[in-house]
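Working notes, beginning with the structure itself.
The values are calculated or read from the model by the stated rules, or taken from the named source; none is laboratory data. Quick caveat: nothing in here was measured; it's all calculated off a predicted structure. Counting neighbours? That spans all protein chains shown, and the Cβs are built from the backbone with ideal geometry, glycine included. Keep in mind that these areas ignore ligands, DNA and RNA; they rest on the heavy atoms of the full protein, side chains included. Shrake-Rupley method; radii C 1.70, N 1.55, O 1.52, S 1.80 Å.
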Amino acid sequence: MQTTREQPAPAGSPVIRPAGRPARAPLSWVERRLAAAGRAAERTLEHAGGMATLFWRTMVYLFTGRIPLSEVATQVYWMGIGSIPIVLVTGGLAGVVTSQQGGYQFTGNVPLYYLGSVVTSSIILELGPVLTAVVLIGRVGARITAELGTMRVSEQIDALYSLGRDPVRTLVAPRIVAGIISVPILVAIANGVGLLTGMMAAQFTLGLGRESFFYGAGLFWHDWDMFYSLAKAVSFGFIIPLVASHMGLATRGGAEGVGKYTTASVVTMTLGVLILDAMFPPLLLN
């Protein structure tokens, strides 16, 4: 039986399209922007839903007592004790810089002992918690994302599922609990070191004695300020491992994907910390 081959249409002849499939008109600039915004909103809601699921499952494991305490202790040691050196440096430099800049501003008619209040309020209310969270994003958050992301692309997460073990229980929940425990302790250390170095800098560079520094610090001190600082620390200790773990478990695309998701995780954690920091004053200080 002889088969016939379809001959190409002559040049210049109109193109005949199959019935029922009309040609699609190109999207306008507005339509392209709306489509891009829709895709971005979809990805944002997808990540928000994933983090909410991780939070819920972590709370379930926490209140049912099914989180491995040995893994929590390991993560507390790594996040807490391992981060003390960088926290000491960060808190100390924050105190020195705040004291010197405050002293520069107070060279007029403002009494110098007010510097104690400026340093105390700046360190405890803002610089101690935020700077500690920022350095922990780089040291703790990026490592969590890279570690879990590598386990995801190398199919170790799938192997845990095949063995009947939940990665949220064994990998995510201990890190979140350890973050909630470790970060407030680190922030308290940063606050103390910042106040100490701020006082020493004021004494050496401005001649402000310790008694005058503490007198100024007590003028506008409120016991609520310490609770405010530790409340910030708890929220930061929760959001950093939560975002890092979610981005790690969502990693796709091999080694390149690990780098991509780790970068996105650091950006997201930084924005999350800054957004939470901006929400605290109207919620707890007014």
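Placing dummy labels 7 Å off each Cα toward the beta-carbon, the span from GLN100 to THR64 is 5.5 nm. Working from Cα pairs under 8 Å separated by at least six residues, relative contact order for the chain is 29 percent. Scoring 179-187, 243-251, 147-155 by mean Cβ neighbours within 10 Å over their residues and listing the highest first yields 243-251, 179-187, 147-155.
Read through the labelled values (1) 18.5, 57; (2) 27.5, 109; (3) 21.4, 84 and report the label of the one computed as Rg and Dmax of the Cα atoms in Å from the structure. For Rg and Dmax of the Cα atoms in Å, the calculated option is (2). Counting only whole DSSP H helices of the chain, the ones at least 30 Å long by C-alpha along their axis and with mean Kyte-Doolittle hydropathy no lower than 0.5 are 84-105, 173-206, 223-249, 254-280. Solvent exposure of the chain amounts to 58 Å² per residue of accessible area, where only protein heavy atoms count and the probe is 1.4 Å. Taking the charge dipole of the chain about its Cα centre, with +1 at Lys and Arg Cβ atoms and -1 at Asp and Glu Cβ atoms, the residue from SER212, ALA36, SER70 reaching farthest to the positive side is ALA36.
As a test of the formula, what do you get for the chain when each DSSP H run with n ≥ 4 contributes -39,500 (n - 2.57) and the sum is divided by the residue count, at 222 nm and rounded to the nearest 500 deg cm²/dmol? Walk me through the numbers on the way to the answer.
Working: 11 runs with 203 residues, N = 286.
Value at 222 nm, helices only, nearest 500: -24000 deg cm²/dmol.
Taking all protein chains as present, what is the carbon and sulfur share of the accessible area of region 59-149, in % to the nearest whole number, probe 1.4 Å? Write down the numbers at each step before the final one.
Details: 2860 of 4280 Å².
Reported share for carbon and sulfur atoms: 67 percent.
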